[in-house]
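Written below as C-alpha cells is the structure these notes are about.
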Amino acid sequence: MKPAIVKAPALVPEVRPAATLQMYLETLSYKTRERLELINITRDLNDVVKKHGLKAGFVLVQSLHTTTAVFINEFQHALLDDIKAFIERLVGRFEYWRHNDPSLSECPRKNADSHLRAMLLGHTISLPVRNGEVALGYWQSVILAELDGPRERAIHVQVMGVPETPKE
C-alpha cells in the first residue's frame, strides 16, 4: 500500500492595507461685508486637511447658497477688480430680470443677477490632496464669491483620503 501524499497548505502572506480611507465633513462660515466680494479660502481648506491628518485624497468644496460660488483663479488685487468688473458686465445688476419683478416673483431681495452669476461661476469644485495639502498650481487659489452680500455664508468641505502611513 502506497502512503498517501499530503500537501501542506500554501503559505499566503498576510495582506494588510497600507491605509484606511477616511472621510470628514466640515462646515466653514464667513461673514461678508460687500455685495460682491471675493474671499481666498485656500488656507482654510488646507487647515481642514491638516486637522484630519490626510496626506493624499480629495477635497470637495460646496457652496450652501444659490447666490455664492466657488472657483479657482489667481488671488491678485488688480485681477480681483477685473473679475468683479467682468461679472458686473456679464450679468448686469440693474437689467430687467423677471425674478426681480414683484408682479412675477415673491422674492423681495431683487437679486436675480446674484443667482445668475453664481450659476455661471459654479457651486462646487473638487481638488486633489497631495503631501498633506490641497494640490494647486503655483498661482492658483480657491475663491469664495459672495454675490448677494453682505450676509452670513457657509460652505461644506468634504475631505476624503488616507493619513500618513505609520512607519514600521
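The values are calculated or read from the model by the stated rules, or taken from the named source; none is laboratory data. Being a predicted model, the structure only gives us computed values, none of them experimental. Positions of Cβ are generated from backbone atoms using ideal geometry, with glycine treated the same way; all protein chains shown enter the neighbour counts.
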Open item on the list: Taking the criterion of being in contact (Cβ under 8 Å) with a residue 60 or more places away in the chain and among the aliphatic types (A, V, I, L, M), would at least one residue in the stretch 95-104 satisfy it?
Closed with: no
Task: In the stretch 106-152, the residues that are within 18 Å of I83 (Cα to Cα) and part of a loop (DSSP other than H, G, I, E, B) - done: G122, H123, W139, Q140, L147, D148, G149
TODO: Specify which of the listed residues (A118, A145) is within 12 Å of I72 (Cα to Cα) and either surrounded by 13 or more Cβ atoms within 10 Å (Cβ to Cβ) or modelled with pLDDT under 95 (or both).
DONE: A145
Open item on the list: Looking only at the stretch 61-105, how many residues end up being outside any loop (DSSP other than H, G, I, E, B) and not aliphatic (A, V, I, L, M)?
Closed with: 15
Task: Pairs where the first residue, in the stretch 129-146, is at positive phi and the second is in a loop (DSSP other than H, G, I, E, B) and not β-branched (V, I, T), C-beta under 9 Å, 6+ apart - done: G132/G53; G132/E164
TODO: Could you check N111 against (1) under 14 Å from V70 (Cα atoms); (2) surrounded by 12 or more Cβ atoms within 10 Å (Cβ to Cβ) and say which number it fails?
DONE: (1)
